[in-house]
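This report concerns only the one structure given below.
Derivation of every value follows stated rules applied to the coordinates shown; laboratory data play no part. Keep in mind the model is a prediction, meaning the values are calculated, not measured. Neighbour counts run over all protein chains shown; Cβ positions are idealised from the backbone, glycine included.
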């Protein structure tokens, strides 16, 4: 019985340590690459680059959400890999009805957001949260490609731009 109790405590302590470590990783990522508080200005940008340049966009997987228990009509959950070459641009777009999480796998990239008066630098290991109210464009000003993983809830309509970040 003592061995079983010790084993149970070791598992519980291991799970607690894992949860704490994951919390530290997630909380560290979530706060990275944000607009400095003194630079937040609604309407700081109303437009930006409009042409896609130097970006490879590959859909890795998608799920038709109308066929899942959540039953969201005309929506897909998709994950894509974007490789943005040096000087590459992801053009101005909105996340008005398309929430997304962007994980920077490698390299770095600048975001030019509608509510920030300065560019926001995103580096490898960080996550950018894209939600209601976000309008922006991105540019790789570095010397190496920036590799991003983008997961979003996307309109599955013929008129929707499947390549929109």
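Starting from the coordinates of the alpha-carbon atoms of the stretch 37-155, obtain the Kirkwood hydrodynamic radius over all distinct pairs and give the value in Å to one decimal.
Details: mean 1/r = 0.0674 Å⁻¹.
Hydrodynamic radius (Kirkwood, Cα pairs) of the stretch 37-155 is 14.8 Å.
I want to check the label-to-label distance for residue 45 and residue 144. Put each point 7 Å from Cα in the C-beta direction and report it in nm to one decimal.
Here the modelled spin labels are 2.4 nm apart.
So, in Å, what gap is there between the alpha-carbon centers of the stretch 31-84 and the stretch 93-143?
8
Peptides 70-78, 41-49, 109-117: what's the order by average Cβ count within 10 Å, highest mean first? Show your work: numbers first, answer last.
On the way: 70-78: 14.2, 41-49: 12.3, 109-117: 19.9.
Output ranking for 70-78, 41-49, 109-117: 109-117, 70-78, 41-49.
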